[in-house]
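Here's the structure we're looking at; comments come further down.
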Amino acid sequence: MQKTDELLDVAEMVAPPAVHPPERRRRTLRRPPPAKAVVIALGLAAAVLVLSGTPWLNGPAVAAWRTVCLAITVQALPFLLLGTALSGAINAFVPADLFTKVLPKRAALAVPVAGIAGVVLPGCECASVPVANSLIRRGVTPAAAFAFLLSAPAINPIVLTATAVAFPGSPAMVLARLLASLATAAAMGWLWLWLGREEWLRPVVRHTGHRSGHSRFTEFRLGFQHDFLHAGGFLVLGAMAAATFNVTVPRSVLDTFSGSPWLSVLFLAALAVVLAVCSEADAFVAASLTGFSPTARLAFMVVGPMVDLKLIALQAGTFGRAFAVRFSTATTVVAVAASVLIGGALL
């Protein structure tokens, strides 16, 4: 046995070192840059273009694009700050089991309760995405978190009050917006319970509640900083896409679709996606579209807070592209159907 052990020791000493396969080495060298780095680079490039004094940036079309892009970003930024601050506060200060205790145990019942709870968040869709992500990290079922994500920007008191001001003497429009938005949020939550898959959902992994021995304020600061920087880049990308549509599509296209009842609904739903107007202001935009039917304008106000370019970008950055594509497409279909049914009955 002693000789055998000696031979094994000698064999180990003369054995050549392990070499990694070339395929693995090439994959490591060709690994693409992280998505966050790409978003930050694009955001910085956009800021340089917007703020630089290059002569060709002073043209009318480019100036209009710059104005719309900055307007969307500035309009949404306070609510993004509110949402990320609320998300960090939930993560650092709220007990981990609070939400699971408040919501019903059965996921099918938790969905409508979470949808109704959206009335407590006075913000737009930019605020609801980080809050929904924080709820999922705290143990809330994703279906209930998504119902909250969709309903919060559409049924909070600020939005309903703005709708009443934009449509004076038309309480039916306010009621129709409330019911259609709640119906869409609940339907999407139940649809996720039925067809949703965990591999579509990739929440950002970081702090998941207060940890013993750590400062709550430090955890709040780190969580707020992470969520805001992560979501802010995607907000800028969404604003750039919406501004591009505003500048390139002529006004005559709007008049082409206003004559058909069905095409007008579909067109205003698509317009809500690309315009990316904040939910606190979209009622005034809808009221100005006097050539379209009330149902079409209702679809504009229901779809917009739930599916627009900046929201899709925020969802893709938070939950993953696979989720954002499927969820936004299904939400658009459900929101249009709810608007047509409820609008046809009340308006």
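So here's what we get for this one:
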{"item": "Separation of alpha-carbon centers, the stretch 172-203 and the stretch 294-338, rounded to whole Å", "result": "10"}
{"item": "Gained length - ALA108 relative to VAL325, 0.36 nm times residue gap less alpha-carbon distance", "result": "75.8 nm"}
{"item": "Candidate residues GLU198, GLU280: accessible-area rank, largest first, probe 1.4 Å", "result": "GLU198, GLU280"}
{"item": "Label-to-label distance, nm, for residues given as PHE284 and THR256 (7 Å Cα→Cβ offset)", "result": "3.0"}
{"item": "Stretchable slack from VAL165 to LEU77, in nm (0.36 nm times residue separation minus alpha-carbon distance)", "result": "29.3 nm"}
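The values are calculated or read from the model by the stated rules, or taken from the named source; none is laboratory data. Keep in mind the model is a prediction, meaning the values are calculated, not measured. Methodologically, a virtual Cβ is constructed for each residue, glycine included, from the backbone with ideal geometry; neighbour enumeration extends over all protein chains shown. Note: accessible area is taken over every heavy atom of the protein model, side chains too, but ligands, DNA and RNA are not part of it. Shrake-Rupley method; radii C 1.70, N 1.55, O 1.52, S 1.80 Å.
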